[in-house]
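To keep things clear, I will list the structure first and then write my remarks on it.
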Amino acid sequence: QKEVEQNSGPLSVPEGAIASLNCTYSDRGSQSFFWYRQYSGKSPELIMSIYSNGDKEDGRFTAQLNKASQYVSLLIRDSQPSDSATYLCAVNKDQAGTALIFGKGTTLSVSS
Amino acid sequence: EAQVTQNPRYLITVTGKKLTVTCSQNMNHEYMSWYRQDPGLGLRQIYYSMNVEVTDKGDVPEGYKVSRKEKRNFPLILESPSPNQTSLYFCASSYRLGATDTQYFGPGTRLTVL
């Protein structure tokens, strides 16, 4: 059974700081990785996708992928109170993309 | 507006009373999927569909049925709901079945089975 592991948190950072969220996955053959943000009671919303080793930046968000170490991370620069949410790491179940395997999520709290 | 819609958004029912949760997308997506989300267990896939009339089981299919008669609709059917199916349900869709295709989620349906 493929697994995706995340620290549940809560991760607390002050406004303006960098929040670092980490995720490890069990299947070395995984190729596609996603970060979703989920506010309480709402649906997951895609923030970033990453497929190649290295960094991918989009505004205040940077996703980092290290396939050799089987981890993927999300950095949020200049954190805002509106970033307070649960962040879900997801990996494609197989090369065909039949499903996403989700981690249980890390709760981020940004204090003003 | 491109979106995935679900109905109803909230439902309280009793054990054994058949129910259907509808899911519809207006993006001409081929792939659709149902997930359930439970505290401590995260999001888990129930069923998915690669196209019209093509469906397959996910990780937790027991107690559920689906159908895909039209490309835009993918209803989730609970023939005889039980309390352990109390959960938050999400429908998702993507353009096609593929490892790099983004899945877009509907707003969710909170189901309580008494």
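The values are calculated or read from the model by the stated rules, or taken from the named source; none is laboratory data. All of these numbers come straight from a predicted model, not from anything done at the bench. Virtual Cβ from ideal backbone geometry, glycine too; neighbours counted across all protein chains shown.
Within segment B:70-107, can you find the residues that are in contact (Cβ under 8 Å) with a residue 60 or more places away in the chain, more than 8 Å from chain A (Cβ to nearest Cβ), in contact with a Phe, Trp or Tyr (Cβ under 8 Å, 6 or more places away or on another chain) and not in a strand (DSSP E or B)? Result: B:TYR95, B:ARG96. Residues considered: A:ASP78, A:ASP94. Of these, the only one that is within 14 Å of another protein chain (Cβ to nearest Cβ) and not in a strand (DSSP E or B) is A:ASP94.
Would it be correct to say that A:LYS67 is touching a Leu at 6+ places or on another chain (Cβ under 9 Å) and among the charged types (D, E, K, R)? Here the answer is no, as A:LYS67 does not meet what is asked. Residues that are of a type in the set (A, V, I, L, M) and under 21 Å from B:ILE46 (Cα atoms) do not occur anywhere in segment A:16-32.
When B:THR22 is tested against (1) of a type in the set (S, T, N, Q); (2) surrounded by 14 or more Cβ atoms within 10 Å (Cβ to Cβ); (3) not in a strand (DSSP E or B), only condition (3) is not met.
Filter segment B:36-57 for residues that are under 25 Å from A:GLY105 (Cα atoms) and part of a loop (DSSP other than H, G, I, E, B); which is farthest from the chain's Cα centre (by Cα)?
B:GLY40
Anything in segment A:64-96 that is buried (at least 16 other Cβ atoms within 10 Å of the Cβ) and under 19 Å from A:SER12 (Cα atoms)? List them, or say none. Residues satisfying the conditions are A:SER73, A:LEU74, A:LEU75, A:ILE76, A:SER79, A:ASP83, A:SER84, A:ALA85, A:THR86, A:TYR87, A:LEU88, A:CYS89.
Just one of the listed residues (B:THR100, B:THR112) is modelled with pLDDT under 95, surrounded by fewer than 15 Cβ atoms within 10 Å (Cβ to Cβ) and touching a Ser or Thr at 6+ places or on another chain (Cβ under 7 Å), namely B:THR100.
Just one of the listed residues (A:GLN6, A:GLN1) is under 25 Å from A:ALA96 (Cα atoms) and modelled with pLDDT under 90, and it is A:GLN1. Number of residues in segment A:41-63 that are within 13 Å of another protein chain (Cβ to nearest Cβ) and in a loop (DSSP other than H, G, I, E, B) equals 6. If we scan segment B:17-35, do we find a residue that is free of Cβ contacts under 8 Å to residues at least 40 places away in the same chain and within 14 Å of the chain's Cα centre (by Cα)? Scanning segment B:17-35, I find no residue that is free of Cβ contacts under 8 Å to residues at least 40 places away in the same chain and within 14 Å of the chain's Cα centre (by Cα), so the answer is no.
Assess whether B:SER67 counts as being surrounded by fewer than 18 Cβ atoms within 10 Å (Cβ to Cβ) and more than 9 Å from every other protein chain (Cβ to nearest Cβ). Yes: the conditions hold for B:SER67. Residues in segment A:48-77 that are out of contact with any Ser or Thr (no Cβ under 9 Å at 6 or more places or on another chain) and not polar (S, T, N, Q): A:GLY54, A:GLU57, A:ASP58, A:GLY59, A:PHE61, A:ALA68. Is it the case, given these coordinates, that A:SER73 is modelled with pLDDT under 95 and either over 22 Å from B:GLU30 (Cα atoms) or in a strand (DSSP E or B) (or both)? Taking the combined requirement at face value, the residue does not satisfy it.
So is B:VAL60 part of a loop (DSSP other than H, G, I, E, B) and β-branched (Val, Ile, Thr) or not? Considered against the rule, which asks whether it is part of a loop (DSSP other than H, G, I, E, B) and β-branched (Val, Ile, Thr), B:VAL60 comes out as yes.
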